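**Q** This is the structure, below, for whatever I ask next.
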Amino acid sequence: TWEVEAAMNHDYFQLNSHLSTLANIHKIYHTLNKLNLTEDVGQDDHQTGSLRSCSSSDCFNKVMPPRKKRRPASGDDLSAKKSRHDSMYRKYDSTRIKTEEEAFSSKRCLEWFYEYAGTDDVVGPEGMEKFCEDIGVEPENVVMLVLAWKLDAQNMGYFTLQEWLKGMTSLQCDTTEKLRNTLDYLRSLLNDSTNFKLIYRYAFDFAREKDQRSLDINTAKCMLGLLLGKIWPLFPVFHQFLEQSKYKVINKDQWCNVLEFSRTINLDLSNYDEDGAWPVLLDEFVEWYKDKQMS
């Protein structure tokens, strides 16, 4: 009859609803269990079921098996939570401090500058000497030339405040330690032919007197030795030539052509074209060197 069918449909609906509730409880429990938020269930609850929606102990045991590990008492639990929180805070705090130390600071960079500049807005010879001592580099080391190039310093032996801040910001250095750790990178720039050419050309303007268009011969010999002394086998001979020559200065064109000569001309000078566009300085060097070899 329709009354019986209605009753059966009602019971079927209730059963589905009950199973759906159990499934949801099951999901919620396991989610809480993963988050370590469930409480221990006592022996009585194992028998009667701690969730009132379960009508038998079998249902409860299948859906929510008891946990085997005993959780700490409430006092211990609070202490454990506090300990975890303190540990997490200390870890976060140390990470935050470490991050702040690693991050570049313009203020720290400025304070670092005035350690060497004193009350001036420029690091002069005395400050430069102390600066080189602190970073562990001799003033005549080629890496100091690379650093000056990075700072775009205009006068040898001096770093202005603007040059310092701009250059050190590009290098992300605001302490002596950070710059020490950057020295190998600065040296490595010399291994790239493009960077080396830029540094070589920069060295001419950096080293010359600003009221002069050329570089005096003694300064030129020092700078050439710094840049080419270890990589151009003919440099010692070229240095001898400059010492006995009549030249008192070297101009920019001669300077740049010396680098090109060192890169393209064979050690025996066999591919040197006397009718090429080389400056007279190099023509005279080739002639002098050939005469030296014959004698």
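**Q** What's the FRET efficiency of residue 243 with residue 103 using the Cβ-Cβ distance as r and R₀ = 35 Å, to the nearest 0.05? Kindly include the intermediate steps, with their values, before the conclusion.
**A** Numbers: r = 51 Å, r/R0 = 1.45.
With R0 = 35 Å, the Cβ-Cβ based efficiency is 0.10.
**Q** Now for a different question. Which distance in Å, rounded to a whole number, links the C-alpha centroids of segment 181-222 and segment 110-125?
**A** 24
**Q** Right, something else. Largest first, please: the extent of the C-alpha atoms of segment 140-205 along each principal axis, to the nearest Å.
**A** 29, 24, 21
**Q** Between their Cα atoms, which of 166/246; 210/246; 210/230; 230/290; 107/252; 210/292 are more than 31 Å away from each other?
**A** Working: 166/246 41 Å; 210/246 23 Å; 210/230 28 Å; 230/290 23 Å; 107/252 39 Å; 210/292 37 Å.
Where the Cα-Cα span goes over 31 Å, the pairs concerned are 166/246; 107/252; 210/292.
**Q** Taking every pair of alpha-carbon atoms in segment 201-293, what share in percent sits in each 10 Å bin, from 0 to the bin with the longest distance?
**A** Histogramming segment 201-293 at 10 Å steps yields 15, 53, 28, 3 percent.
**Q** Taking the Cα-to-Cβ direction at residue 161 and at residue 269 and moving 7 Å from each Cα, how far apart do the two end points lie in nm?
**A** Output for this residue pair reads 5.4 nm.
**Q** Right, next: Around residue 161, under 9 Å between beta carbons, what's the net of Lys plus Arg minus Asp minus Glu among the other residues? Numbers along the way, then the final one.
**A** Details: positive: none; negative: 120, 121, 163.
With Lys, Arg at +1 and Asp, Glu at -1, the net is -3.
**Q** For residue 288 and residue 152, what does the FRET efficiency come to when R0 = 51 Å and r is the distance between their Cβ atoms, rounded to the nearest 0.05?
**A** According to the calculation, E is roughly 0.85.
**Q** Roughly to the nearest percent, how much of the accessible area of segment 145-276 is carbon and sulfur, given a 1.4 Å probe? The partial results should precede the final answer.
**A** Details: 3280 of 6990 Å².
About 47 percent, which is the carbon plus sulfur part of the accessible surface.
**Q** With Cβ to Cβ distances under 13 Å as the rule, what net charge do the other residues near residue 198 carry (K, R +1; D, E -1)?
**A** Working: positive: 150, 197, 201; negative: 152, 192, 205.
Residues near residue 198 contribute 0 overall.
**Q** Once R0 is set to 41 Å, what does the formula 1/(1 + (r/R0)^6) return for the Cβ-Cβ distance between residue 110 and residue 188, expressed as a FRET efficiency to the nearest 0.05?
**A** Working: r = 28 Å, r/R0 = 0.68.
After rounding, the FRET efficiency stands at 0.90.
The values are calculated or read from the model by the stated rules, or taken from the named source; none is laboratory data. Computed from a predicted structure; not experimentally measured. Positions of Cβ are backbone-derived with ideal geometry, glycine not excepted, and every protein chain shown enters the neighbour counts. In case anyone asks, the SASA skips ligands and DNA or RNA and just uses the protein heavy atoms, side chains included. Shrake-Rupley method; radii C 1.70, N 1.55, O 1.52, S 1.80 Å.
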